[in-house]
Amino acid sequence: MELNGKVAIVTGGSSGIGKEIAKQLVMAGSKVYITGRNADKLDKVASEIGAIGVLSDVALQTDVDELIKRVMDDNGRLDVLINNAGFGAGWAEIGDLKMEDMLRVYQTNVFGAAMMGQAAANVFKAQRSGNIVNIGSTASLKGYAKGSIYASSKFALRGLSQCWQADLRPYNVRVMHVNPSEVTTAFGNPTGETRPEVPNKLRPKEIADQIIAQLRMDDRGFVPEVTIWATNPW
Ligand SMILES: NC(=O)c1ccc[n+]([C@@H]2O[C@H](COP(=O)([O-])OP(=O)(O)OC[C@H]3O[C@@H](n4cnc5c(N)ncnc54)[C@H](OP(=O)(O)O)[C@@H]3O)[C@@H](O)[C@H]2O)c1
């Protein structure tokens, strides 16, 4: 797909991986809406990268509906949803899991992504075109100690990706699931600050480069799932 002139939403576009994807989409000529819950961070990043910031929490159905309505009122179409908003919390062994942590993480990583995907899919089905990129994780593929909540949320997202592929291919809609391994971002940092780049770990750039290449592929084909590892992170 040619990205110039297209309309995209990047959830969680105010930081890390989402910010870099949004930046590269803007550079390719797309009109990009980024979302997040922190207004100051969102406004600063939107003006830095040339995107449109919309305060919107993927965990709230009303916010999701208003976001899609705003984009459709402005443009009459949507071409790309990057379902990126997500976080990890409640890291604990099975005996110490807290239901409130599970609900909080699932509300964004699973139910929020599902609400965004549904709203975009309804537009895409009517258009008979569109692209959904779900940002999973290597935690979508393999569980690990103290990862019950986050890894199971990303397994669930991978399940949604596969179901949506089956639902939406007849409407010419491409659903892509992307599994990054560790990327130096603000993810899981108690200070909320973006971690500095280090030479042997992935940057948001590697993830965004891959996604832009997938979106640029001619619409007759798509990459259903891709996993991105750091070559030698140890
Ligand atoms: N970094 C890694 O190592 C890594 C590896 C694999 C996968 N991932 C996945 O990549 C995605 C992006 O993470 P990142 O590393 O870029 O982390 P990040 O730098 O912390 O960025 C997360 C973004 O999501 C937003 N966000 C969080 N909850 C939201 C909600 N309910 N509604 C809307 N926006 C929300 C945050 O803004 P606000 O807080 O202002 O809402 C922020 O813009 C996540 O899905 C994460 O699970 C990360």
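Before moving on, here are some points about what is shown:
- Selection of first residues in region 12-38 that are more than 16 Å from residue 134 (Cβ to Cβ) and near the ligand (Cβ under 6 Å from one of its atoms) and of second residues that are among the basic types (Lys, Arg) and at pLDDT 95 or above, restricted to Cβ pairs under 9 Å at least 6 apart or on distinct chains, gives the following pairs, ordered by first then second residue: 14/37; 14/41; 14/44; 15/41.
- Only one entry of 40, 63, 79 meets the criterion of being within 22 Å of residue 175 (Cα to Cα) and acidic (Asp, Glu), and that entry is 79.
- Of the residues making up region 151-161, not a single one is within 9 Å of the ligand (Cβ to nearest atom), in a helix (DSSP H, G or I) and of a type in the set (Phe, Trp, Tyr).
- Evaluating residue 164 against the criteria (1) within 26 Å of residue 217 (Cα to Cα); (2) aromatic (Phe, Trp, Tyr); (3) near the ligand (Cβ under 7 Å from one of its atoms) leaves one unmet condition, (3).
- Among residues of region 195-226 being touching a residue at least 12 places away in the same chain (Cβ under 8 Å) and over 24 Å from residue 27 (Cα atoms), the one that is surrounded by the fewest Cβ atoms within 10 Å (Cβ to Cβ) is 200.
- Number of the exception - residue 26 against (1) in contact with a strand residue (DSSP E or B) (Cβ under 6 Å, 6 or more places away or on another chain); (2) buried (at least 22 other Cβ atoms within 10 Å of the Cβ): (2)
- Scanning region 29-41 for residues being surrounded by fewer than 22 Cβ atoms within 10 Å (Cβ to Cβ) and farther than 12 Å from residue 6 by Cα gives a total of 5.
Yes/no per residue for (1) without any contact (Cβ under 8 Å) to a residue 12 or more places away in the chain; (2) aliphatic (A, V, I, L, M); (3) surrounded by fewer than 20 Cβ atoms within 10 Å (Cβ to Cβ); (4) within 12 Å of the ligand (Cβ to nearest atom):
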site: 56; (1), (2), (3), (4): no, no, no, yes
site: 71; (1), (2), (3), (4): no, yes, no, no
site: 81; (1), (2), (3), (4): no, yes, no, no
site: 85; (1), (2), (3), (4): no, yes, no, yes
site: 93; (1), (2), (3), (4): no, no, yes, no
site: 97; (1), (2), (3), (4): no, yes, yes, no
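- Single unsatisfied condition, residue 150 versus (1) free of Cβ contacts under 8 Å to residues at least 12 places away in the same chain; (2) surrounded by 14 or more Cβ atoms within 10 Å (Cβ to Cβ); (3) hydroxyl-bearing (Ser, Thr, Tyr): (1)
- Checked against (1) on the phi > 0 side of the Ramachandran plot; (2) surrounded by fewer than 19 Cβ atoms within 10 Å (Cβ to Cβ), residue 130 passes all but condition (2).
- Selection count, region 162-194, where residues are in contact (Cβ under 8 Å) with a residue 40 or more places away in the chain, over 20 Å from residue 14 (Cβ atoms) and hydrophobic (A, V, I, L, M, F, W, C): 5
- Subset of region 4-23 (residues that are under 20 Å from residue 72 (Cα atoms), crowded, with 20+ Cβ neighbours inside 10 Å and more than 11 Å from the chain's Cα centre (by Cα)): 6, 8
The values are calculated or read from the model by the stated rules, or taken from the named source; none is laboratory data. Model, not experiment: these values are computed from the prediction. Note that each Cβ is placed from the backbone with ideal geometry, even for glycine, and that neighbours are counted across all protein chains shown.
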